[in-house]
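The values are calculated or read from the model by the stated rules, or taken from the named source; none is laboratory data. Because the structure is predicted, anything quoted here is derived from the model rather than measured. A quick note on method: Cβ atoms are made from the backbone with ideal geometry, for glycine too, and the neighbour counts reach across all protein chains shown.
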């Protein structure tokens, strides 16, 4: 899919920044494979870090426009990139890819897509999938409360352009049951290696 290692833009989830252990390890896995990585924390998370007060994310549409601004502003528009998002960050990346997607974006990879909301809101968050203009790969744990195999199997997803790789026993943070024989870091590494193979396939 790609001729050389593109820039990985790493986007965090709703509640933890790129300084989380999950994304720090993810970054290290990509860098060990030769990818340049730029972690990006959305503005609300930067403010939370500056003030020491946790803040909820704004509406996802606002984050989509913030990401669009990043790609059209401080980044070199001619530099190929792949958006890799954890949970909410992955949702934002796919929503951007379903609109006026910058030409520099070659693909989107998601680490645990929030297919359904939590609590009472169980509506699928896949309405924009039909409009996505770049290849998408979702790395999903089989125990992910935001989208288990049976949940996703019941959804009408596009047959082309979106691939899902199931990680054995992983939850939303890729933490497996001890009986699986895996640990969290092993599943993160499996996900990153699979993304690498997909990008170079």
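When 70, 83 are checked against the criterion of being at pLDDT below 95 and in contact with a strand residue (DSSP E or B) (Cβ under 7 Å, 6 or more places away or on another chain), 70 stands alone in meeting it.
If the condition is being part of a helix (DSSP H, G or I), in contact (Cβ under 8 Å) with a residue 60 or more places away in the chain and more than 15 Å from the chain's Cα centre (by Cα), then segment 185-201 contributes only 185. Annotation: of all residues in segment 30-45 being crowded, with 19+ Cβ neighbours inside 10 Å and over 15 Å from the mean Cα position of the chain (by Cα), the one that is farthest from residue 185 (Cα to Cα) is 45. For residue 155, the conditions (1) surrounded by fewer than 18 Cβ atoms within 10 Å (Cβ to Cβ); (2) touching a strand residue (DSSP E or B) at 6+ places or on another chain (Cβ under 6 Å); (3) modelled with pLDDT of 95 or more all hold with the exception of (3). The residue list 144, 160, 171 contains one member that is part of a loop (DSSP other than H, G, I, E, B), touching a strand residue (DSSP E or B) at 6+ places or on another chain (Cβ under 7 Å) and without any contact (Cβ under 8 Å) to a residue 60 or more places away in the chain, which is 171.
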